[in-house]
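Input: one structure, supplied below.
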Amino acid sequence: MRPRPFHLLRPRTLDEALEAWNAPGADAALLAGGQSLVADLNAGHRTVGTVIDIKGIRELDELALSGDVLRIGALTTHEQLAGIGEGDLPPALAAVPRVARTVAPRPIRVRGTVVGNLAAGFRGATWPALLGAYGTTVEARTPDGRTARGDVRDAVRFAAERYVVTALEVPAGRKVGWAEATVRASGRSCRVACGVRREDDGTVTAWLSGLAPVVVRHENVPPADEALGELARSAVAGASAPARTARPAGPEDETELWRTVVHTVLRRARNDLEEEAA
C-alpha cells in the first residue's frame, strides 16, 4: 500500500526543524530512523501533510563518552550501540551494547534509533526499562528554543508537546541487571522488559515495561524472591487487561500467566545484576 502524498522537508538545523514542526496548523511528523512512521504511513494507519526529515541535522548525530557519561544523539541507531566494543565503555555500561544486539533484527537495528524508540512509547519496549534503570537523562529542545530535561518517562510527553528530543545521557554510576520475556496472551504476543539497579540500602529499583502505556518505576524493592513475587502480583493487578494485552480481558488464568512472567523477568534481571557485580 502506498502512503498518501505529503510534503518532505529536510532542515539542516535544529531551529529549522522546530520552526517547521510547530508552524501554525502544521500537520507534520519527524523522521529519524522511520521504523514506525514509515510503516504507519505505508499501511494507511497515519496520514500527515509534512514529513520533516531530521537526518541531516549534524548536531543530532552524536555518540560519545564524556567521563563516565555516554551521550547518545537523536540519530544514533541501535546498530551503532551494538557495535561498541567491550573495552570502549566503563564496565557499568556493559549492558548497553549487549542489549542493543538483541533489541531487534539487524535490518531494523540499522535504521531504527534509540531516541525514536523512547519517544514512540512502544508498550514493552526494551530501551525505556534498561535506560530508566541507569538513571538516564532525556534532553530536548522546546518550541521556543529552551532546553528541557527529564527521565525516560518524559520522552513520550516531550514528543507529544512537539519538543525535539536531542540526546540521552547515560551515567555509569551503577551496574544494571536486565531481562525480558515474550508472552502470548489474548491472541497476541506481548513483551515484558525489566531493568534493575541496586541501591545503597540493599534494595533494588526496578523499571518494568509492558504492563502499562509507559515504563513504570518501582522503588525500595527487597531483592528476595518472595518480595519480587509480591511486586509481580501488585504490578499485574495495577495494569488493566486491555493495558496488558491491548484487547478485552481474557480468561482469568491469564492473570496468573502474567504474574509468572513478570516474576520470572524480575528474578532474571536481579540474577543478571548479581552476575555483573561478581
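Go through (1) modelled with pLDDT under 95; (2) over 22 Å from the mean Cα position of the chain (by Cα); (3) in a helix (DSSP H, G or I) for PRO248 and report which single condition fails.
Checking PRO248 against (1) modelled with pLDDT under 95; (2) over 22 Å from the mean Cα position of the chain (by Cα); (3) in a helix (DSSP H, G or I), the one that fails is (3).
Turning to a different aspect of this structure: Considering only residues of region 162-171 that are in contact with a helix residue (DSSP H, G or I) (Cβ under 9 Å, 6 or more places away or on another chain) and surrounded by fewer than 19 Cβ atoms within 10 Å (Cβ to Cβ), which is farthest from PRO128 (Cα to Cα)?
Taking region 162-171 as the starting set, the residues that turn out to be in contact with a helix residue (DSSP H, G or I) (Cβ under 9 Å, 6 or more places away or on another chain) are 162-168, 170-171.
Those still in the list that are surrounded by fewer than 19 Cβ atoms within 10 Å (Cβ to Cβ) too: 162, 171.
Working: ARG162: 20, PRO171: 15 Å.
Ranking the qualifying residues of region 162-171, first place goes to ARG162.
Also, I was wondering about something else. Basic (Lys, Arg) and in contact (Cβ under 8 Å) with a residue 40 or more places away in the chain: does that describe ARG184?
In short, no.
Hey, any hits in region 179-199 for a residue that's hydrophobic (A, V, I, L, M, F, W, C), over 13 Å from the mean Cα position of the chain (by Cα), under 19 Å from PHE122 (Cβ atoms) and modelled with pLDDT of 95 or more? Before the answer, list the steps.
Filtering region 179-199 down to residues hydrophobic (A, V, I, L, M, F, W, C) leaves 179, 181, 183, 185, 190, 192-194, 196.
Among the residues that remain, those that are also over 13 Å from the mean Cα position of the chain (by Cα) are: 179, 181, 183, 185, 190, 196.
Filter again for under 19 Å from PHE122 (Cβ atoms), leaving 179, 181, 183, 185, 190.
Adding the requirement that they be modelled with pLDDT of 95 or more leaves 179.
Yes, region 179-199 contains a residue that is hydrophobic (A, V, I, L, M, F, W, C), over 13 Å from the mean Cα position of the chain (by Cα), under 19 Å from PHE122 (Cβ atoms) and modelled with pLDDT of 95 or more.
So, one more: Given the conditions (1) modelled with pLDDT under 95; (2) within 15 Å of the chain's Cα centre (by Cα); (3) surrounded by 15 or more Cβ atoms within 10 Å (Cβ to Cβ); (4) within 23 Å of GLU276 (Cβ to Cβ), which single one is not true for THR102?
So THR102 meets the others, but not (3).
Sticking with this structure for a sec: From LEU208, LEU231, grab the single residue that is in contact with a strand residue (DSSP E or B) (Cβ under 7 Å, 6 or more places away or on another chain) and within 22 Å of PHE122 (Cβ to Cβ).
LEU208
Go through region 160-174 and give me each residue that's within 18 Å of ILE52 (Cα to Cα) and outside any strand (DSSP E or B).
If the condition is that a residue be within 18 Å of ILE52 (Cα to Cα) and outside any strand (DSSP E or B), then ALA160, GLU161, ARG162, TYR163 are the ones that fit.
Assess whether ASN271 counts as being closer than 24 Å to VAL99 by Cα, outside the structural domain of ALA120 (by TED's automatic domain parsing) and at pLDDT 95 or above.
Yes: the conditions hold for ASN271.
The values are calculated or read from the model by the stated rules, or taken from the named source; none is laboratory data. These figures come from a predicted structure and were not determined experimentally. Note that we place each Cβ from the backbone using ideal geometry, even for glycine, and neighbour counts take in every protein chain shown.
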